[in-house]
Amino acid sequence: MTTPKRPILKQSILAGAFGAAAILATALPATAQQRPAAPAAPAAAPAAAPAAPVTGSTLDAIRARGTLICGVNTGLAGFAAPNSQGVWAGFDVDYCRALAIAIFNDANRVRYVPTTAQNRFTALQSGEVDVLSRNTTWTLSRDTSLGFDYAATNFYDGQGFMVKRALGVNNANQLDGATVCVQPGTTTEQNLADWARGARIQIRPVVIERLEDNIAAYIAGRCDAYTTDVSGLAASRAVQQNPNDHVILPQVISKEPLGMLFRHGDQRFGDLARWLHFGLVGAEEFGITAANVDQMLANDPRPEVQRMLGRTGGLGQMLGVDNAWMVNVLKGLGNYGEIFQRNLVPIGLQRGPNALWTTPGGLQYAPPFR
Ligand SMILES: N[C@@H](CCC(=O)N[C@@H](CS)C(=O)NCC(=O)O)C(=O)O
């Protein structure tokens with residue numbers, strides 16, 4: 001075990017540790033606790049129990065109900081949060097709306113169910129929601145023993161750290177001995193332990209259940225750093241009074257491929273969710289936007305564009321929806337790049353690995369529409 005090396009952190013660590021102890025003893029006795037991360041026992045098993053089968057076709061149930069029930073975040077700027085008019089908005093919300101357009105040609109036929117890191121999997125397993133569109137990482141255990149499938153990776157992410165600029169830390173390795181706020185029931189908690197162990201760094205996790213309590217504890221100085229997916233760091237930083245007082249460190253310690261999840265056995269619905277993402281990415285590649293989709297449908301000579309837009313090929317029908325599904329989705333929401341630009345650029349995220357595969361370093365790639 002290493003000892004803390006940097007005086008600046010040692011000082012704030014003490015403040016953080018005592019502050020954390022106080023909050024744990026009072027506000028959050030049952031849900032928050034400090035645990036040593038390294039060397040530590042391997043991270044805990046996934047929060048939810050293995051899935052009990054939900055029978056019946058989700059697509060049919062959604063049609064019969066007349067509404068899609070989308071499990072989203074409790075509130076994460078840029079991804080899923082009520083806007084100033086109280087209307088849910090964000091990147092993950094746009095994927096719910098896209099599904100509703102594909103199924104009903106009506107973006108408003110969605111009921112949003114806020115889910116926490118801890119209860120999201122139970123909500124999907126139990127059938128309380130039809131789909132999770134909620135910054136959730138694709139992992140082997142979630143894909144198997146929890147009973148889910150992933151539609152596609154709609155956001156390539158990774159875990160990072162945020163610190164106060166005033167702390168003077170600019171590299172994650174300087175966090176040796178630090179207290180780090182982290183939410184349970186996440187890959188974040190597990191990765192933090194893995195990373196600390198691998199890097200032979202001692203981290204003192206302050207595990208706090210609710211997102212807003214994590215941020216509050218970090219802001220109050222009870223933790224030296226806050227860790228989550230870089231997307232989540234950007235979202236939380238963007239809504240602080242002075243975002244510039246907080247620095248997202250350059251190290252990314254994990255891979256967090258985020259995407260929509262559906263239940264095992266729900267392949268028809270899953271196919272639609274998957275090809276919806278590919279349609280958004282493919283449209284960007286072909287240069288089809290909300291503004292020009294009608295014109296492209298009428299005039300573009302490329303056969304794949306005509307198939308994607310449903311003029312030929314009957315691809316929508318193969319997915320169980322109207323052949324005009326992508327025309328409707330693109331008119332309502334724009335292509336992947338437009339959705340990214342509208343929701344995520346304002347919180348400071350760049351395309352990075354989420355650029356199209358035709359851009360160096362870009363990973364977003366759609367299989368053929370045929
Ligand atoms: N991608 C990670 C982390 C997802 C996650 O839940 N992150 C937190 C912090 S950004 C969150 O969204 N919390 C909201 C809540 O629990 O209400 C995972 O799938 O485990």
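The values are calculated or read from the model by the stated rules, or taken from the named source; none is laboratory data. On a predicted model such as this, the values are computed, not experimentally measured, just so you know. Virtual Cβ from ideal backbone geometry, glycine too; neighbours counted across all protein chains shown.
Within 17 Å of the chain's Cα centre (by Cα) and of a type in the set (F, W, Y): which single residue out of F104, F148 fits that description?
Matching residue, one of F104, F148: F148.
Would you please list the contacts, defined by Cβ atoms under 7 Å and residues six or more apart or on different chains, that run from a residue in region 309-324 that is under 18 Å from R274 (Cβ atoms) and modelled with pLDDT of 95 or more to a residue that is assigned to a loop (DSSP other than H, G, I, E, B) and acidic (D, E)?
Cβ pairs passing all conditions: G316/D322.
For the structure I just gave you, tell me whether R263 is of a type outside the set (S, T, N, Q) and in contact with a His (Cβ under 6 Å, 6 or more places away or on another chain). Talk me through it step by step, then tell me what you get.
Details: of a type outside the set (S, T, N, Q): yes; in contact with a His (Cβ under 6 Å, 6 or more places away or on another chain): no.
In short, no.
Can you name the number of the only condition in (1) in contact with a Ser or Thr (Cβ under 8 Å, 6 or more places away or on another chain); (2) assigned to a loop (DSSP other than H, G, I, E, B); (3) within 10 Å of the ligand (Cβ to nearest atom) that V129 fails?
Single failed check for V129: (3).
Can you name the residue in region 97-120 that is within 16 Å of the ligand (Cβ to nearest atom) and either part of a helix (DSSP H, G or I) or among the hydroxyl-bearing types (S, T, Y) (or both) and is also farthest from F269 (Cα to Cα) among such residues?
Among those residues, the one meeting the criterion is T116.
Out of (1) under 18 Å from A273 (Cα atoms); (2) of a type in the set (S, T, N, Q); (3) in contact with a helix residue (DSSP H, G or I) (Cβ under 6 Å, 6 or more places away or on another chain), the odd one out for T115 is which?
Of everything listed in (1) under 18 Å from A273 (Cα atoms); (2) of a type in the set (S, T, N, Q); (3) in contact with a helix residue (DSSP H, G or I) (Cβ under 6 Å, 6 or more places away or on another chain), T115 misses just condition (1).
Those residues that are within 10 Å of Y156 (Cβ to Cβ) and surrounded by fewer than 18 Cβ atoms within 10 Å (Cβ to Cβ), I need them from region 354-370; list them, please.
Hits for region 354-370 are G362, L363.
Quick one: is F278 under 23 Å from P367 (Cβ atoms), among the aromatic types (F, W, Y), within 18 Å of the chain's Cα centre (by Cα) and in a strand (DSSP E or B)?
No.
When only residues in region 132-175 that are among the acidic types (D, E) and within 20 Å of S254 (Cβ to Cβ) count, which is farthest from the ligand (Cβ to nearest atom)?
The selected residue is D143.
Looking only at residues in region 67-78 that are closer than 19 Å to V345 by Cβ and near the ligand (Cβ under 8 Å from one of its atoms), which one is surrounded by the most Cβ atoms within 10 Å (Cβ to Cβ)?
Checked region 67-78; the qualifying residue surrounded by the most Cβ atoms within 10 Å (Cβ to Cβ) is N73.
What about E256, is it buried (at least 16 other Cβ atoms within 10 Å of the Cβ), of a type in the set (D, E, K, R), within 16 Å of the ligand (Cβ to nearest atom) and at negative phi?
yes
Return the pair list, or none, for Cβ contacts closer than 7 Å from residues in region 132-150 that are within 22 Å of G90 (Cβ to Cβ) and in a loop (DSSP other than H, G, I, E, B) to residues that are among the aliphatic types (A, V, I, L, M) and within 8 Å of the ligand (Cβ to nearest atom), at least 6 apart or on different chains.
N135/L76; N135/L258; T136/L258
Residues that are farther than 25 Å from N119 by Cα: find the strands (runs of 3 or more DSSP E) completely inside region 153-228 holding 2 or more of those.
Values: elements: 155-157, 159-164, 179-182, 204-207.
Correct list: 159-164.
Out of all the residues in region 312-334, is one or more within 26 Å of L249 (Cα to Cα) and either in a loop (DSSP other than H, G, I, E, B) or in contact with a Pro (Cβ under 7 Å, 6 or more places away or on another chain) (or both)?
No, that holds for no residue.
Can you give me the number of residues within region 176-203 that are within 16 Å of the ligand (Cβ to nearest atom), of a type outside the set (S, T, Y) and within 21 Å of V247 (Cα to Cα)?
Count: 8.
Could you identify the single residue in R351, R342 that is touching a helix residue (DSSP H, G or I) at 6+ places or on another chain (Cβ under 7 Å) and either of a type in the set (K, R) or modelled with pLDDT of 95 or more (or both)?
The conditions single out R351.
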